[in-house]
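Note sheet for the following structure.
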Amino acid sequence: MCHGTRFAVEGLSEVFHYETAAIGVKIMSDRNKEILLQGNAAIAAGNYEAFVSICTEDTEWTFIGDQVLKGKEAVRQWMLQTYIEPPKVTVAHLIAEGDFLVATGEVTVKDKDGKETRTSYCDIWRFRGEKLVELRAFVVQATG
């Protein structure tokens with residue numbers, strides 16, 4: 001009888017540890033969403049430095065088929081050159097699991113002549129702690 005009871009307790013313990021780990025991942029995933037949304041709000045307000053501050057020193061941004069930015073300073077310079085005016089960012093979906101966060105939506109930017117360009121994106125972010133360490137961005141011209 002004791003062996004059966006011990007087995008049931010061990011089984012319960014394993015379920016408890018699994019559920020506890022799953023709750024920890026959800027909390028982390030929700031926090032990562034919050035961090036990115038706060039960063040996007042900073043960009044929309046023209047506070048690019050606030051966004052750069054949530055990146056690691058060794059952050060690496062890969063724009064698939066275009067360019068790779070290595071380090072905070074490269075990201076800072078890219079933002080200053082690309083976002084002549086604060087962009088309009090629309091987030092359609094945020095999907096998080098563990099250290100990864102996928103964001104989809106649209107971004108509208110103005111060039112130096114005031115011409116707007118609208119793109120659709122799928123960004124795959126990787127976090128280290130509460131900082132953005134890596135971006136793989138798939139960006140295409142928006143239609144319609």
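Computed from the coordinates by the stated procedures, all read-outs in this text should not be read as laboratory data. All of these numbers come straight from a predicted model, not from anything done at the bench. Glycine gets a Cβ as well: all are built from the backbone with ideal geometry, and neighbour counts include every protein chain shown.
The Cα center of segment 102-120 and the Cα center of segment 76-97 differ in position by 8 Å. A straight chain from Asp58 to Ile84 at 0.36 nm per residue would run longer than the Cα-Cα distance by 6.9 nm. Computed from the Cβ-Cβ distance with R0 of 25 Å, the FRET efficiency linking Gln38 to Glu73 stands at 0.70. Using 0.36 nm per residue and subtracting the Cα-Cα separation, the extra length available between Ala92 and Ala142 on full extension is 16.6 nm. For Glu60, neighbours were defined as the other residues whose beta-carbon sits under 12 Å from its Cβ, and their charges (Lys and Arg +1, Asp and Glu -1) total +2.
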